[in-house]
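Taking it in order: structure first as C-alpha cells, then the write-up.
Read the figures in this text as sums done on the coordinates, not as results from a lab. In this text, all values refer to a predicted model and were calculated from it rather than measured experimentally. A quick note on method: Cβ atoms are made from the backbone with ideal geometry, for glycine too, and the neighbour counts reach across all protein chains shown.
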C-alpha cells in the first residue's frame with residue numbers, strides 16, 4: 001500500500017497549514033496556501049481520485065492564488081491612501 | 001482564556017479522531033457504500049455506475065459519465081452557482097464612474 | 001495596475017507558453033472521455049493562460065486577446081449551451097438532460113457520449129469566461145471609489 005507516501009503527504013499538509021496560519025506576511029501566507037493546495041492535490045492522486053486531484057491542482061494552486069494576490073494588492077493600495 | 005481555547009481545541013480533535021475510528025477502511029469491499037444492496041434494501045448506486053457506465057454512455061472515464069450524465073442536474077446547478085458568483089462579482093466590483101461623475 | 005513596467009524576458013516567455021497551455025486545456029476538455037479531466041479543469045486552464053498574458057503584458061494590452069466585455073456574455077452562453085442541450089432532449093421526446101433522446105448517433109450510447117461532450121464544452125466556456133471576468137472586475141473595479 002501507499003501508506004508511507006500518504007503519511008509524508010499528511011505531514012506536509014499539516015506543516016503548510018500551520019505555517020500559513022503563523023506567517024505574518026500575507027503574500028507569503030497566500031503562497032503557502034497554494035503549496036497546501038498542491039500537497040492536497042498530490043494526496044488525492046495518491047488516494048486514487050485523479051479527477052479531484054486535477055481539479056484541486058488547477059483551481060487551488062493555479063487560479064485562487066492569483067485571485068487572492070490581486071485582492072491583497074487592491075486592498076493594500078486603498079489602505080495606504 | 002488561552003488555555004481554555006486550547007483545551008476546547010484538543011477536545012474537538014479528540015472527538016473527531018474518535019468519530020473517524022468508526023468509519024470503514026478505505027477500499028473495504030464490504031463497506032455500505034460499495035454493497036450491491038444498501039442496508040435498507042435499496043439498490044446501491046455506486047456498483048450500478050461501475051458496472052454500467054461503459055455500456056450506457058460509451059465513455060471510458062467513469063467520473064465523466066457520473067458528472068455529466070447520471071448526475072447532470074448536479075453539474076447544471078454547479079455551473080449556475082459559478083455563473084451567479086461571476087455576476088455578483090460583476091455587480092459588486094464594477095466601476096461606477098459614470099454615476100459618480102454625475103453625482104460629483 | 002497603475003504603471004506597468006514590461007520585462008522583455010517575462011513577456012516573451014509568457015507569450016510563448018500561453019498557447020501551449022491553451023492547447024493542453026483543449027486536450028483536457030476533448031479527451032475527458034478517456035483520461036482524467038473535463039470541462040471544469042480545461043476551462044480553468046484556459047483562464048489560467050489568459051490571466052498569465054494579462055499579468056505579464058498588462059491588462060490594457062491583453063484586452064486585444066480577450067476583451068473585458070466578453071466575460072458575462074460568454075459565461076451566459078456556456079450556461080445556455082448546457083441548458084439548451086437538456087431542453088433539446090425534452091423537445092425531441094425524451095426527459096431533461098437525457099442525451100439518448102437527441103439521436104446524435106445511431107446507438108443510444110454513442111449519442112450520450114456526444115451529449116456529454118456538448119455539455120463539457122458548455123461548462124468549459126462558462127468557467128473560462130467567468131474566471132477571467134472575476135479577475136478583471138477584481139483588478140479594474142472600484143478604481144476611483
Checklist entry - Can you pull the Kirkwood radius for the protein assembly as shown, inverse mean 1/r over Cα pairs, to one decimal in Å? => result 22.8 Å
Checklist entry - Taking Cα centroids, how far is region C:82-145 from region A:1-59 in Å? => result 31 Å
Next on the checklist: Rg and Dmax in Å for region A:3-80, alpha carbons only: what are they?
Outcome noted: 14.2, 49
Item to check | In degrees, nearest ten, helix B:72-93 long axis to first principal axis of chain B (Cα) | outcome: 20 degrees
Next on the checklist: Just checking the output field for A:49-58: average partner chain Cβ neighbours within 10 Å of each residue's Cβ?
Outcome noted: 5
Next on the checklist: Restricting to DSSP H runs of at least four residues, report the calculated mean residue ellipticity at 222 nm for chain B, -39500 (n - 2.57) per run over all residues, nearest 500 deg cm²/dmol.
Outcome noted: -20000 deg cm²/dmol
Checklist outcome for this item: Taking Cα pairs closer than 8 Å and at least 6 residues apart, the relative contact order of chain B in percent is 9 percent
Checklist entry - If contacts are Cα pairs under 8 angstrom and at least 6 residues apart, what is the relative contact order of region C:30-120 in percent? => result 18 percent
Item to check | Kirkwood Rh, Cα atoms: Rg over Rh of chain B | outcome: 1.25
Checklist entry - Helix A:3-22 versus the longest principal axis of chain A: what angle, 0 to 90°, nearest 10, using Cα atoms? => result 10 degrees
Checklist entry - Can you pull the mean other chain C-beta count within 10 Å for peptide C:99-110? => result 2
Next on the checklist: Principal axis extents for region C:8-140, Cα atoms only, whole Å, descending order, please.
Outcome noted: 56, 28, 18
Item to check | Principal-axis tilt of helix C:39-57 within chain C, Cα atoms, nearest 10 degrees | outcome: 20 degrees
